[in-house]
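Below is one structure, written out as structure tokens; comments come after it.
The values are calculated or read from the model by the stated rules, or taken from the named source; none is laboratory data. Just so it is clear, the model here is predicted, and its values are computed rather than measured. As a convention, Cβ positions derive from the backbone with ideal geometry for all residues, glycine included, and neighbour counts pool all protein chains shown.
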Amino acid sequence: MGRSMAGHLIDAGYNLVVYNRSADKAADLVSRGAAMAESPRAVAEQSDIVFTMVGYPQDVREVILGQYAKRPGVLEGLRPGGTVVDMTTSEPALAVEIDAATQRCGGTSLDAPVSGGDIGAKAGTLSIMVGGDLSTFQRVQPLFETMGKTVVHQGAAGAGQHTKMVNQTLVAAGMIGVCEALLYAEKAGLDVPNVLRSVSTGAAGSWPLSNLAPRIIAGDFEPGFYVEHFIKDMKIALEEASRMNIALPGLALVNQLYHAVAAQGHARSGTQALMLALRHLSGG
């Protein structure tokens, strides 16, 4: 996703300095004019705005704060007045921590997780949920608009991450609905693609029904968004729910089902692989 998002910035005429732990993954961007840096710090030293898009909160800590890392982090090279924009789905408390650390370095930060998966990243139609200083958001907004179709400032530091947890709770409910419905159609002996023609444009219509159900029908469980990353997101949402003393039994159920998907060897499959776990439970 990060490669596609960076590509949109290049297409819009921005000069990019890039870094990836696996340098070959940035080769396409370099061939299109981006400069390759040797560390996150080196990116920051050459940039006014630094975007990060990694996997887990620990990765965010390594890349931005330099913790646990073999290479110096972004904040060690941040220019005076520079901005750090973390687009990883991560912990709200970590976003607040990064914001405070960035301010101590004389800069600003935004937490800006996204929704839309690989399809949205490639098409530049992501939904981007942003937390942090409003004036900083307004300055970065034109760059966000090269990557996303819906860009909304949600509030102070951490608000973007909290909004993403709302999104992931909705996605969890949507995925179990799609997979259970397709399983029902299969077991009833229906023509499943024909069923989709009827249900996808009515009240049951949704993004996962339109975009992931066809992949399930085709037996395509390649990742647009990894199961293991979705498990990470649900863990964060459930921990935040516990901290706020609210019950989310539906999310807890889907979380357990996705752990079953991972245990069956599909941690690196797409989230639509939930269908495999439900088929297994149904003897299929």
Checking residue 167 against (1) at pLDDT 95 or above; (2) more than 30 Å from residue 102 (Cα to Cα); (3) polar (S, T, N, Q), which single condition isn't satisfied?
(2)
Listed by first then second residue, the pairs whose first member lies in the range 230-243 and is within 22 Å of residue 260 (Cα to Cα), whose partner is of a type in the set (Phe, Trp, Tyr) and surrounded by fewer than 22 Cβ atoms within 10 Å (Cβ to Cβ), with beta carbons under 8 Å and at least 6 positions apart or on separate chains, are 232/56
Selection from the range 35-72 of residues that are within 15 Å of residue 105 (Cβ to Cβ), surrounded by fewer than 21 Cβ atoms within 10 Å (Cβ to Cβ), touching a strand residue (DSSP E or B) at 6+ places or on another chain (Cβ under 9 Å) and aliphatic (A, V, I, L, M):
49
For the range 145-161, state whether one or more residues are charged (D, E, K, R) and surrounded by 15 or more Cβ atoms within 10 Å (Cβ to Cβ).
yes
If you take the residues of the range 222-238 that are within 17 Å of residue 160 (Cβ to Cβ) and either more than 12 Å from the chain's Cα centre (by Cα) or small (Gly, Ala, Ser) (or both), which of them is surrounded by the most Cβ atoms within 10 Å (Cβ to Cβ)?
237
Between residues in the range 122-137 that are over 12 Å from residue 149 (Cα atoms) and residues that are modelled with pLDDT of 95 or more and charged (D, E, K, R), which pairs lie under 7 Å by C-beta distance while being six or more apart or on different chains?
131/111; 132/99; 132/111
So, restricting to helices (runs of 4 or more DSSP H) that lie completely within the range 110-216, which ones have at least 2 residues that are outside the structural domain of residue 51 (by TED's automatic domain parsing)?
159-187, 192-199, 207-211
Condition first: in contact with a helix residue (DSSP H, G or I) (Cβ under 7 Å, 6 or more places away or on another chain), farther than 22 Å from residue 60 by Cα and among the hydrophobic types (A, V, I, L, M, F, W, C). Now tell me which residues in the range 107-139 satisfy that.
119
